[in-house]
Amino acid sequence: MWNFERVLDAITNAGIYIIEKRSHTIIYCNKRFKELVPAAEVSLGCYEIGMDICNRCPLESYDPAKKGKNVFLRESHVFGGMVEVSVDEILWEDKIPAYIVTIIPQMKAEETKNYYLYNRSIDRVVKKISVATVSLNLTKNISRSYIWNDKNQFLCEEEGSVDGIFADMLRRMHSKDRERCGRFDTCAKMEAYFNKGGKYLEDEMLIKGEDGRYRWFSLRVIPLEYTEYRDTLAVLVIRNIHTRKVLQVRTQNNLEATYKAIPGGVCTMRVDKNLSIISANEEFYRMMGETQADYENGYLEHIYPKDAERVSAYFHLQAERKADLEITYRVLDINGDVHWMQVKGIHCGKADGYPVYMLLRTDITLIIEAQRQIEEEQEKYRKYADNVIGTLSNLVEFRDLDSGEHIKRTKDLTRIMINTYNKKYPEHFIIDSSREKICRAAALHDVGKISISDTILNKKGRLTDEEMEIMKTHTTKGYEIIRGFKLNDDEEQERYSLDIAKYHHERWDGKGYPEGLQGDEIPLWSQIVGIVDVYDALVSPRVYKKAFSHEKAMEMILAGECGTFNPILLECLKDAEELLKNEYK
């Protein structure tokens, strides 16, 4: 339907409007129609915009038997001459029976068109303003009713008394409105009100017509200032608002029905100092065991004290931006118990000068409690995994004289590299929980060395080609050892540990081992541990060599003397130089 409206709005040579079949209420009009008929608004009745735009209502000529052929020419002052009018039936939004009226102006002399538009616009404005316009002399109790005739003349139709007009209206007014409106039912009462500085009087009420049916009217009394008379003068404007009020009631009933159907607390809130509740469904109050009266002082006092300031600041900030709301916080129920609430809301206008939001509130206390229990279990499993990793790391340290500090530094250097990577490439951010699991897995990168003989592992000279091939098997041996353990059923932790143990000696150009992977075939976490493993091996003393300086180690790595690494990680290594050096002070 949205795309259909866009198509209709794009039509510039025709005014198009949609009328609900039952109530003859406008439910849509395109941009061209609004330009030609500025008074047209959605929810207005046909008569309220003057459906005689073509000298008579187009629907009067509609014949259902001629479906698709209801096209005729009319003379129209509004459209500046002859127009082609077509009427047909549609289902608006696939469910609302409606008429679609298309009006195509037949071009006429521009000056004639402007003449029609000018004269018609004056007439239309006056008719739009009111059903009746009455001048009031409150001091002398005199009234004059005026009408705007077809010759654009504003003529006095009837004279009478002010008190007589209001007495007649009170007599025909619905009983539920009579007492309220009776406070200003005489000249004396209105004059006293205006003399005390009152700006205007305004109300809406049901008035019985000659057919015995009640209809909604708005009444407004506006005092005239800066006149040459000493008498208190005013203007009474009466408008027929029945269609609008009926639609409002229908909308309110639909809204209330929707409220009841939504599985959660729904409310309309004014974002003021106290976060006042304008309306809410039964579930909103029921979920906290409260009633509407409990919220007379606003919603803010029901929010958990430690969360109240944060929630209020967030609501006001989003309201200033006219942005949607989504926040989780705690509230207190009628017994003082704490509940976790997830709230989502949309901006829907203003009330009394304050932003208004419609909110959906869901009690997620059980979900939060379940998450807490899961986190506690995960913490238990994490400690178990740490113990397993620590035990395996100690075995490696015991076997390999160089591995003790190397394992600790590999974890720390891995963390530095990941933090640097996150700052440099935030679009590929590695979250904190994953970062810590990778660092934990880094401690096991050489766990396979426990299967290598002491003769090879702690040899002071260079290894022979045969010994080197045996040493290389520590990657696959480590993979097998880790796979034999169940690291607390944490699949992510196990994946990092297996990948790092097996692939930390793979190289970007495919010349590493054990599988000769290249480029992005190598898991990123294995690449990170691989580069810090080499850096630490260079700057630390080994049984077979002395330590290189930081500068020399960087030079060798960047020159590719230790194998080819991912260019992105080489940039991260350069950015992290100072942090890396500080690890060895």
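Is it fair to say residue 509 is surrounded by fewer than 16 Cβ atoms within 10 Å (Cβ to Cβ) and not in a helix (DSSP H, G or I)?
Here the answer is yes, as residue 509 does meet what is asked.
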- prompt: Which residue, of 448, 512, is touching a Gly at 6+ places or on another chain (Cβ under 8 Å) and at pLDDT below 90?
  reply: 448
- prompt: Yes or no: residue 522 modelled with pLDDT of 95 or more, touching a helix residue (DSSP H, G or I) at 6+ places or on another chain (Cβ under 7 Å), among the aliphatic types (A, V, I, L, M) and more than 17 Å from residue 416 (Cα to Cα)?
  reply: yes
message: The conditions are (1) surrounded by 11 or more Cβ atoms within 10 Å (Cβ to Cβ); (2) closer than 25 Å to residue 135 by Cβ; (3) of a type outside the set (A, V, I, L, M, F, W, C), and residue 196 fails exactly one of them. Which is it?
response: (1)
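Conditions tested, residue by residue: (1) touching a His at 6+ places or on another chain (Cβ under 8 Å); (2) at pLDDT 90 or above; (3) crowded, with 18+ Cβ neighbours inside 10 Å.
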{"site": "118", "(1), (2), (3)": "no, no, no"}
{"site": "137", "(1), (2), (3)": "no, no, yes"}
{"site": "142", "(1), (2), (3)": "no, no, no"}
{"site": "163", "(1), (2), (3)": "no, yes, no"}
- line: Matching residues in the stretch 527-558 (under 23 Å from residue 509 (Cβ atoms) and open to solvent by less than 50 Å² (accessible area, probe 1.4 Å)) number 16
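Each row is one residue, and each column tells you yes or no for (1) under 18 Å from residue 525 (Cβ atoms); (2) crowded, with 18+ Cβ neighbours inside 10 Å; (3) without any contact (Cβ under 8 Å) to a residue 12 or more places away in the chain.
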residue	(1), (2), (3)
428	yes, no, yes
432	yes, no, yes
435	yes, yes, no
438	yes, yes, no
454	no, no, no
462	no, no, no
473	no, no, no
483	yes, no, no
503	yes, yes, no
message: If I filter the stretch 448-464 down to residues being under 12 Å from residue 474 (Cα atoms) and of a type in the set (A, V, I, L, M), which single residue comes out as nearest to the chain's Cα centre (by Cα)?
response: 450
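For the stretch 269-287, name all the residues that are out of contact with any His (no Cβ under 7 Å at 6 or more places or on another chain), open to solvent by less than 20 Å² (accessible area, probe 1.4 Å) and of a type outside the set (Phe, Trp, Tyr). First the steps, then the outcome.
From the stretch 269-287, those out of contact with any His (no Cβ under 7 Å at 6 or more places or on another chain) are 269-270, 272-287; that's our starting set.
After this cut, where a residue has to be open to solvent by less than 20 Å² (accessible area, probe 1.4 Å) as well, the list is 269, 272, 275, 281, 284.
Matches in the stretch 269-287: 269, 272, 275, 281.
One line per residue, one yes/no per condition, for (1) exposed (fewer than 14 other Cβ atoms within 10 Å of the Cβ); (2) touching a strand residue (DSSP E or B) at 6+ places or on another chain (Cβ under 9 Å); (3) among the aromatic types (Phe, Trp, Tyr):
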position	(1), (2), (3)
249	yes, no, no
298	no, yes, no
333	no, yes, no
340	no, yes, yes
message: So in the stretch 512-526, with the set limited to residues that are open to solvent by less than 40 Å² (accessible area, probe 1.4 Å) and hydrophobic (A, V, I, L, M, F, W, C), which one is nearest to the chain's Cα centre (by Cα)?
response: 522
field: strands (runs of 3 or more DSSP E) wholly inside the stretch 43-106 containing at least 1 residues that are at pLDDT 70 or above and under 12 Å from residue 18 (Cα atoms)
entry: 81-92, 96-105
message: Kindly evaluate residue 266 against the criterion of being open to solvent by less than 60 Å² (accessible area, probe 1.4 Å), among the hydrophobic types (A, V, I, L, M, F, W, C), within 30 Å of residue 44 (Cα to Cα) and more than 19 Å from the chain's Cα centre (by Cα).
response: no
Among the candidates 496, 503, residue that is closer than 26 Å to residue 428 by Cα, at pLDDT 95 or above and of a type outside the set (S, T, N, Q): 503
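Residues checked against (1) of a type in the set (A, V, I, L, M, F, W, C); (2) touching a strand residue (DSSP E or B) at 6+ places or on another chain (Cβ under 7 Å); (3) open to solvent by 70 Å² or more (accessible area, probe 1.4 Å); (4) at pLDDT 85 or above:
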{"residue": "172", "(1), (2), (3), (4)": "no, yes, yes, yes"}
{"residue": "177", "(1), (2), (3), (4)": "no, yes, no, yes"}
{"residue": "201", "(1), (2), (3), (4)": "yes, yes, no, yes"}
{"residue": "210", "(1), (2), (3), (4)": "no, no, yes, yes"}
{"residue": "215", "(1), (2), (3), (4)": "no, yes, no, yes"}
query: Taking the stretch 321-371 as the region of interest, how many residues are in a strand (DSSP E or B) and not charged (D, E, K, R)?
result: 26
- request: Run residue 274 past the list (1) closer than 30 Å to residue 139 by Cα; (2) modelled with pLDDT of 85 or more; (3) of a type in the set (S, T, N, Q) and report the number of the one that doesn't hold.
  value: (1)
message: Going residue by residue through the stretch 396-413, is there one that turns out to be of a type outside the set (S, T, N, Q), at pLDDT 90 or above and in a helix (DSSP H, G or I)?
response: yes
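The values are calculated or read from the model by the stated rules, or taken from the named source; none is laboratory data. None of these values were measured; they are calculated from a predicted model. With ideal geometry, Cβ positions are generated from the backbone for all residues, glycine too; neighbour counts draw on all protein chains shown. All accessible areas refer to the heavy atoms of the entire protein, side chains included, with ligands and DNA or RNA removed. Shrake-Rupley method; radii C 1.70, N 1.55, O 1.52, S 1.80 Å.
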